[in-house]
1. Test Ser142 against the criterion of being in contact with a His (Cβ under 7 Å, 6 or more places away or on another chain) and either of a type in the set (S, T, N, Q) or under 30 Å from Tyr27 (Cα atoms) (or both), and give yes or no.
2. Looking at Ile176, is it touching a helix residue (DSSP H, G or I) at 6+ places or on another chain (Cβ under 7 Å) and surrounded by fewer than 18 Cβ atoms within 10 Å (Cβ to Cβ)?
3. Given the conditions (1) farther than 18 Å from Pro196 by Cα; (2) surrounded by fewer than 19 Cβ atoms within 10 Å (Cβ to Cβ), report the number of the one that Thr114 does not fulfil.
4. Select from the stretch 21-53 the residues that are among the hydrophobic types (A, V, I, L, M, F, W, C), under 23 Å from His146 (Cα atoms) and surrounded by 15 or more Cβ atoms within 10 Å (Cβ to Cβ) and list them in ascending order.
5. Please determine, by comparing only the residues of the stretch 130-163 that are assigned to a helix (DSSP H, G or I) and aromatic (Phe, Trp, Tyr), which one is surrounded by the fewest Cβ atoms within 10 Å (Cβ to Cβ).
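The values are calculated or read from the model by the stated rules, or taken from the named source; none is laboratory data. Everything numeric here is computed off the predicted structure, so don't read it as measured data. All Cβ positions, even for glycine, are placed from backbone atoms using ideal geometry, and neighbour counts span all protein chains on display.
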Amino acid sequence: MTTKKLHYFSGIILSIFVGFHLFNHLYSLFGPNAHIELMEKLRIVYRNVFAETILLLSVAVQIITGVKLFSKKRGTASGFFEKLHIWSGLYLAFFLVIHVSAILSGRLILNLDTNFYFGVAGLNIFPLSLFFIPYYGLAIFSFFGHVAAVHFKIMKLRIFGMLPNKQAYFILIIGIFVAIAILYGLTNGFNGVEIPKEYNLFT
């Protein structure tokens, strides 16, 4: 199987998981407890040896193949969506390395439940929030940007009268609103969330 096909199929697996993951984060708009309750239900599906092995392998394949594709295409990319495709992919590779490493370290080394509070600690502690807000925001936007770029490349049909380029821009706009909504929920309307002591790893 070619690098491109491996990247495509691992991307489909990850996109399904990320879709549910982002939906879980949107649930933070109803408060931390609602977020955690939904996470516990979703974990029945993905937090088992079989599902986690597939996810971790997909992450590894996505990063390795993505970096290879980036190195091949960065000098020849032309047009907004082609450039968005490779640069959003590079940021997602960077984010996945850091994010997955942090989650595994939290679970296996710190023996913490990597739930809502583990994920939002940095977002709600100033001045660390100055880094973590754009860090997470760019990750969400890059995911939608990557999806939009792929959609633009493969879609040939009008949807509700919109040409593929308009559809791709619409996906980007949705991504911006989703990123804002998630950050709003994870920070209690940008007022800050009280972090339990065991999750306050930055002080």
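1. Answer is no for this residue.
2. So Ile176 passes the test.
3. (1)
4. Matches in the stretch 21-53: Leu22, Leu26.
5. My answer is Phe131.
Residues checked against (1) modelled with pLDDT of 95 or more; (2) under 30 Å from Phe190 (Cβ atoms):
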position	(1), (2)
Phe23	yes, yes
Ala34	yes, yes
Glu37	yes, yes
Glu40	yes, yes
Tyr46	no, yes
Val61	yes, no
Phe70	no, no
Arg74	no, no
Phe80	no, no
